1. Quick one: if the Förster radius is 30 Å, what FRET efficiency do Glu194 and Leu159 give, using the C-beta to C-beta distance and rounding to 0.05?
2. What's the angle, to the nearest 10 degrees (0 to 90), between helix 182-196's Cα axis and the longest principal axis of the chain?
3. Along each of its three principal axes, how wide is the spread of alpha-carbon positions in the chain, in whole angstrom units, largest first?
4. In degrees, nearest 10, range 0 to 90: what is the angle between the Cα axis of helix 106-116 and the longest Cα principal axis of the chain?
5. Return the long-range amide H neighbours of His171 (sequence gap of 5 or more, or a different chain), with a cut-off of under 5 Å between placed amide H atoms.
6. Give me a comma-separated list of calculated 3J(HN,Hα) values for segment 8-18, in order, Karplus coefficients 6.51, -1.76, 1.60 applied at θ = phi - 60°, integers in Hz, x for any Gly or Pro.
7. If amide H atoms are built 1.01 Å from N in the plane of the peptide, which residues on other chains or at least 5 residues away come under 5 Å of the amide H of Ala158?
8. Segment 65-127: D in µm²/s via Stokes-Einstein (Kirkwood Rh, Cα pairs, 25 °C, 0.890 mPa s)?
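Derivation of every value follows stated rules applied to the coordinates shown; laboratory data play no part. Everything numeric in this text was worked out from a predicted model, so none of it was measured. Every residue, glycine among them, receives a Cβ derived from its backbone with ideal geometry; neighbour counts consider all protein chains shown.
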Amino acid sequence: RNQHKPNPPLEDIAPHIHRYWKQRKDDKAILRLLNEYHIDKTIYGLGLTRFRQIRESLGLYRTRSQHHNINSIRPALFRLRAQYPKAGAREIVSLLFHEENMSVSRNMVTEYFSVFEPELVKERRKNRLRRKRFWAAGVNDIWAVDQHDKWKYKFGLALHTGIDPFIGFTHWLKIWWTNSNPRLVLSYYLDEVEEQGYGPLVSQSDPGTENFGLANGHTLIRHFHDPSL
């Protein structure tokens, strides 16, 4: 039993806890991964209660434990708005978590918008159904990528897809437990480029943080092939 074994050294497991935390895994999932891949169970033991104590000692608190309100998140929102002026509720929740180490519910962000950014809310609603013209020069001019979250919260299925909209070709359609990990999203793109032997001139996605890796990777590849860009 775990109570008869010492806990693993904190310096051995802390990096893995931080990594899985940033992947938005819950406590049971993190503990399972630690015990499966990072802890020698013949020597050490770690249970859920002790794990939660260790997590909190590292400054990693869940949403309820952080006790945020619309006023406490306001300074962070000021900083984020300077760089992401058009980010919506879902993107702001992700940005707060990854860039400000704040765990906040989407409902709270929506409430913040209604109190402090009513004009932006009206602007988003006004432009939501605005008709626009899409243009692409030809095949592989653009690869458009996007994620679908409606199954994510109900069934635990996170969808991600990449298509060539000019011909309607689906380059990938992936289903996993997450679609918000920038490294994972980048891997979808790189795997397809490697398999096809080519990539697009332009990658198109929303400004969410999950797409930063893909955007940076695509830019690096384009600069490698054309340093004048």
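1. Approximately 0.85, to the nearest 0.05.
2. For 182-196 against the chain, the angle is about 50 degrees.
3. That works out to 66, 48, 37 Å along the principal axes.
4. Compared with the principal axis, the helix lies near 60 degrees.
5. Under 5 Å from the amide H of His171: Gly162, Ile163, Asp164.
6. x, x, 4, 5, 7, 9, 4, x, 6, 4, 4
7. So Ala158 has HN proximity to Trp176, Trp177, Thr178.
8. In µm²/s, the coefficient is 209.
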